[in-house]
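Single-structure report; data block below.
The values are calculated or read from the model by the stated rules, or taken from the named source; none is laboratory data. As the structure is a prediction and not an experimental result, all values here were calculated from the model. Positions of Cβ are generated from backbone atoms using ideal geometry, with glycine treated the same way; all protein chains shown enter the neighbour counts. Areas reflect the complete protein model, heavy atoms only, side chains present, ligands, DNA and RNA absent. Shrake-Rupley method; radii C 1.70, N 1.55, O 1.52, S 1.80 Å.
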Amino acid sequence: ELRCGAAGLAGRLAQMIRLRTLAAFLAVAVLFLIANRGAYKGYFSADDLNNLVWTSFLDLRGWLEGMVTPWFSESNFRPVGHGIYALFGRLWGLAIQPFVWLIHLVHLANVALLWLFLRRMGAGQRGATLAALLFAFHMACFDAYWKPMFLFDVLVCLFCLLTLLLYQGRRWWAGLLTLWIAYKCKEIAVALPAFLMAYEYWV
């Protein structure tokens, strides 16, 4: 009976911790959206407008070819981000708000994934939370969650973090898929295998 009571208490405690963590993340998300509400009143840069114009001619075949080829594109075609430009441009035209909503949601997802990765790496809850908060509000990331052109950067961060978490969980094939998508978001993802080698060496 004592063991059952202890197990029940531990289960309730774990549930309380999960609920507290979720509530804290929701509070951070609300504060983030309030602090960055001015981004919704901005407008596209010249690069954004360039992407909106030329991706209006992008067809499904060209997008699929860009997704499956392993070669770097001479025209700097990044199919994941450019596909979003094509889709959003056709749905909402020159409205910037859908783009800002997307980069904000992806950035907040990255904050949560970073917290989870650090916890799995052995960081305490307080340390992981402080690191995630620093990442969420750091001025070095300011452009990334104010300007649609940085969609490529927040997306590559998302899929790199997913790859790291899948690698930690030994889900190799799913990790290869997310690594490929990260590479198709932005070319900097080619550095991720080197990071995984360092991870294996030190951890």
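Structure notes:
- Of the helices (runs of 4 or more DSSP H) lying entirely inside segment 45-158, the ones with 2 or more residues being of a type outside the set (V, I, T), over 30 Å from V203 (Cα atoms) and open to solvent by less than 20 Å² (accessible area, probe 1.4 Å) are found at 46-55, 79-92, 97-120.
- Verdict on L166 being loosely packed, with under 14 Cβ neighbours inside 10 Å and either closer than 27 Å to A35 by Cα or of a type outside the set (G, A, S) (or both): no
- Of all residues in segment 22-37, those being assigned to a helix (DSSP H, G or I) and touching a residue at least 40 places away in the same chain (Cβ under 8 Å) number 7.
- Pairs linking a residue in segment 111-139 that is without any contact (Cβ under 8 Å) to a residue 24 or more places away in the chain and closer than 22 Å to T163 by Cβ to a residue that is surrounded by 16 or more Cβ atoms within 10 Å (Cβ to Cβ) and of a type in the set (K, R), with Cβ atoms under 8 Å and 6 or more positions apart or on different chains, are A128/R119.
- Which numbered condition L161 fails, given (1) surrounded by fewer than 18 Cβ atoms within 10 Å (Cβ to Cβ); (2) closer than 30 Å to Y43 by Cα; (3) without any contact (Cβ under 8 Å) to a residue 60 or more places away in the chain; (4) not acidic (D, E): (1)
- V106 passes every criterion in (1) within 23 Å of L179 (Cα to Cα); (2) at pLDDT below 95 apart from (2).
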